Amino acid sequence: MKITVQTETFDLNAEVAALHRNNPSVGAVASFLGTVRNESGQVSAMALEHYPGMTEKALSAIVQEAQTRWAVIDATVIHRIGPLAPCEPIVLVAVACAHRGDAFAACEFIMDFLKTRAPFWKKETTADGGQWVDARDSDETATQRWRKPCH
């Protein structure tokens, strides 16, 4: 398992290749690459901050939870911090499993919980100045479908 919070960019192909290199048990790798959006056309930059130590611990716990639900062989989560421009890569979640169903589900689960449980803070810069970005209700709603039913 690789969990990294970093300022520098990453090589998507190299990270995905590393998940299945020399491992004949891996039959599927699912990945998600998130980039800095500029839907409004107003965002000139985004800055991300995090809580060092706590962030990595939260990300690791999310991946470990995915491993209890699906047959995850390996996983990589890389999240960037610091100043970023629109279209730059911001996050990579990649999951290696024997079968695609587990890989897709685990990848989506990790990303959904990363958005709501990992301590990151985003600040967008526009012509009007900087503004902290609130969490989206849709992100919290996405995590609800993964809740285990009570018996």
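The values are calculated or read from the model by the stated rules, or taken from the named source; none is laboratory data. Bear in mind that the values here come from a model prediction, so they are computed numbers and not experimental data. For neighbour counting, all protein chains shown are included, and Cβ atoms are generated from backbone atoms with ideal geometry for every residue, glycine included. Note: accessible area is taken over every heavy atom of the protein model, side chains too, but ligands, DNA and RNA are not part of it. Shrake-Rupley method; radii C 1.70, N 1.55, O 1.52, S 1.80 Å.
Within the set of pairs 6 or more residues apart or between chains, which connect a residue that is in contact (Cβ under 8 Å) with a residue 40 or more places away in the chain and of a type in the set (Lys, Arg) inside the stretch 112-135 to a residue that is in a strand (DSSP E or B) and buried (at least 16 other Cβ atoms within 10 Å of the Cβ) with Cβ atoms less than 8 Å apart?
122/46; 122/48; 123/46; 123/48
For the stretch 24-33, which positions are open to solvent by 30 Å² or more (accessible area, probe 1.4 Å) and assigned to a loop (DSSP other than H, G, I, E, B)? Lay out the reasoning, then the answer.
Here is the first cut: in the stretch 24-33, the residues open to solvent by 30 Å² or more (accessible area, probe 1.4 Å) are 24-25, 27, 29, 31-33.
Selection gives 24, 25, 27.
Out of all the residues in the stretch 7-23, which are assigned to a helix (DSSP H, G or I), in contact (Cβ under 8 Å) with a residue 12 or more places away in the chain and surrounded by fewer than 12 Cβ atoms within 10 Å (Cβ to Cβ)?
Our first condition is that a residue be assigned to a helix (DSSP H, G or I); within the stretch 7-23, this holds for 12-20.
Adding the requirement that they be in contact (Cβ under 8 Å) with a residue 12 or more places away in the chain leaves 12, 15-16, 18-20.
Across the stretch 7-23, there are no qualifying residues.
Quick check on the stretch 47-61. Is at least one of its residues among the aliphatic types (A, V, I, L, M), closer than 21 Å to residue 144 by Cα, buried (at least 20 other Cβ atoms within 10 Å of the Cβ) and within 14 Å of the chain's Cα centre (by Cα)? Talk me through it step by step, then tell me what you get.
First pass over the stretch 47-61, keeping only residues among the aliphatic types (A, V, I, L, M): 47-48, 54, 58-59, 61.
From what's left, closer than 21 Å to residue 144 by Cα: 58-59, 61.
Restricting the remaining residues to those that are buried (at least 20 other Cβ atoms within 10 Å of the Cβ) gives 59.
Checking the rest, the ones that are also within 14 Å of the chain's Cα centre (by Cα) come to 59.
Scanning the stretch 47-61, I find at least one residue that is among the aliphatic types (A, V, I, L, M), closer than 21 Å to residue 144 by Cα, buried (at least 20 other Cβ atoms within 10 Å of the Cβ) and within 14 Å of the chain's Cα centre (by Cα), so the answer is yes.
Quick check, is residue 83 in a strand (DSSP E or B) and free of Cβ contacts under 8 Å to residues at least 60 places away in the same chain?
Working: in a strand (DSSP E or B): yes; free of Cβ contacts under 8 Å to residues at least 60 places away in the same chain: yes.
Against the criterion (in a strand (DSSP E or B) and free of Cβ contacts under 8 Å to residues at least 60 places away in the same chain), residue 83 qualifies.
For the stretch 34-71, which positions are assigned to a loop (DSSP other than H, G, I, E, B), farther than 24 Å from residue 100 by Cα and not small (Gly, Ala, Ser)? Can you show your working first?
Of the residues in the stretch 34-71, the ones assigned to a loop (DSSP other than H, G, I, E, B) are 36-44, 51-53, 70-71.
Retained after the next criterion (residues that are farther than 24 Å from residue 100 by Cα): 36-44, 51-53.
Scanning the stretch 34-71 gives 36, 37, 38, 39, 42, 43, 51, 52.
Tell me which residues, restricted to the stretch 132-151, are open to solvent by 100 Å² or more (accessible area, probe 1.4 Å), part of a loop (DSSP other than H, G, I, E, B), farther than 10 Å from residue 116 by Cβ and modelled with pLDDT under 75. Show your work before the answer.
Start the filter on the stretch 132-151 by keeping residues that are open to solvent by 100 Å² or more (accessible area, probe 1.4 Å), which leaves 132, 134, 136-137, 145, 147-148, 150-151.
Applying the additional criterion that residues be part of a loop (DSSP other than H, G, I, E, B) yields 134, 136, 145, 147-148, 150-151.
Next cut, farther than 10 Å from residue 116 by Cβ only: 134, 145, 147-148, 150-151.
148, 150, 151 - these are the residues of the stretch 132-151 that are open to solvent by 100 Å² or more (accessible area, probe 1.4 Å), part of a loop (DSSP other than H, G, I, E, B), farther than 10 Å from residue 116 by Cβ and modelled with pLDDT under 75.
Return yes when residue 74 is out of contact with any Cys (no Cβ under 6 Å at 6 or more places or on another chain), closer than 17 Å to residue 16 by Cβ, acidic (Asp, Glu) and in a helix (DSSP H, G or I) and no when it is not. Talk me through it step by step, then tell me what you get.
On the way: out of contact with any Cys (no Cβ under 6 Å at 6 or more places or on another chain): yes; closer than 17 Å to residue 16 by Cβ: yes; acidic (Asp, Glu): yes; in a helix (DSSP H, G or I): no.
No, not satisfied.
Looking only at residues in the stretch 83-114 that are farther than 30 Å from residue 42 by Cα and of a type in the set (A, V, I, L, M), which one is most open to solvent (accessible area, probe 1.4 Å)?
Step one: list which residues in the stretch 83-114 are farther than 30 Å from residue 42 by Cα, which gives 94-107, 109.
Next, only the ones that are of a type in the set (A, V, I, L, M) stay: 94-96, 98, 103, 105-106.
Numbers: 94: 1, 95: 0, 96: 0, 98: 44, 103: 2, 105: 20, 106: 0 Å².
That would be 98.
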